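Take a look at the structure below.
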Amino acid sequence: MKRVQFNSRYLPYLFLLPQFAIISIFFYWPSMQAITSSFYIEDPFGFGSSFVGADNYTDALASPEYQRIARFTIGYSLIVTFLALSIGMLLALKADAVIRGQSAYKTLLIVVYAIAPPVAGLIGMMIFDQHIGPFVKFAAFFGWDMKVGLNYFDTAFAMVAVAVWNQIPYNFIFFLSGLQGIPASIREAAAIDCKSGTRRFWTVILPLLTPTAFFLLVINMTYSLFDTFGVIDVIVKDKAANNPITLVYKVYLDGFRGNDLGSSSAQSVILMLVVLVLTMIQFRFIERRVHYG
């Protein structure tokens, strides 16, 4: 393979400089500010601060409320990730097999990805509205008196449903691209060796999709932890105390509504470390089962 040659050894670093600047300004600098603030109790109006060491961390980890929200966040993230990946892969398999009308089918599935999370949350609130929501009326036929915003389980169900619905198109696009990248000769050989479509999927198709699936696993875990903030904010509105929330939303509540900047910073650092550990575990253990090439 021909290697790219530069006239100056400093030119590659010059090309990387804009990206380094963006990462430094929007990630490293805020992260250092959060770490520094987590060791202080700060006046919300900026008139002073007091060093408290690790008290913000110990208070957060020892809090029953924080532990309850952490347990919900774990369950919420696992459910959203599993459903979004599973449904996205299922729809991609069906779209890959469609012959007539496949362009319209794919467009209808992909168009949802253009909807921002806050807008998806607003649409979800309309669907689950107690007065005009079609899903609420449908659930009433089965004796389910759904009250999103009032009932803890109903609100959690709506949060999961909207978050999964908003993420499915993203997974669908990547899974479909991965399926279309599988050579036809491999598909034909698999069809000759095994008549069962289910067995062909588990023994041939899925191993070839593992690089795509691993990438989407990391992306979906990050999405469920952070990018669903807009969905949660719209659904719980200003009644967060009576509804399920995630850790990232609690960081927002404590920092911007409670004006407890030190505790909010400590919680953000804890969440950042959790995501770092999860990513390391995924790359350390799950990537072993990924087959590249």
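Apart from one condition, TYR105 fits all of (1) at pLDDT 85 or above; (2) surrounded by 14 or more Cβ atoms within 10 Å (Cβ to Cβ); (3) out of contact with any Gly (no Cβ under 9 Å at 6 or more places or on another chain); (4) over 30 Å from SER268 (Cβ atoms); the exception is (1). With respect to being in contact with a helix residue (DSSP H, G or I) (Cβ under 7 Å, 6 or more places away or on another chain), at positive phi and either buried (at least 17 other Cβ atoms within 10 Å of the Cβ) or at pLDDT 85 or above (or both), GLY178 falls outside the description. So in the range 130-139, with the set limited to residues that are surrounded by fewer than 17 Cβ atoms within 10 Å (Cβ to Cβ) and not small (Gly, Ala, Ser), which one is farthest from LYS237 (Cα to Cα)? So the residue we want is PHE138.
Considering only the range 201-277, give the helices (runs of 4 or more DSSP H) lying wholly within it that have at least 2 residues that are within 25 Å of TRP165 (Cα to Cα), of a type in the set (Asp, Glu) and under 18 Å from the mean Cα position of the chain (by Cα). No helices (runs of 4 or more DSSP H) qualify here. Among the conditions (1) outside any helix (DSSP H, G or I); (2) closer than 20 Å to ILE235 by Cβ; (3) open to solvent by 60 Å² or more (accessible area, probe 1.4 Å); (4) not β-branched (Val, Ile, Thr), the only one that PHE142 does not satisfy is (2).
The values are calculated or read from the model by the stated rules, or taken from the named source; none is laboratory data. Because the structure is predicted, anything quoted here is derived from the model rather than measured. Positions of Cβ are generated from backbone atoms using ideal geometry, with glycine treated the same way; all protein chains shown enter the neighbour counts. Only protein heavy atoms, including side chains, enter the accessible area calculation; ligands, DNA and RNA are left aside. Shrake-Rupley method; radii C 1.70, N 1.55, O 1.52, S 1.80 Å.
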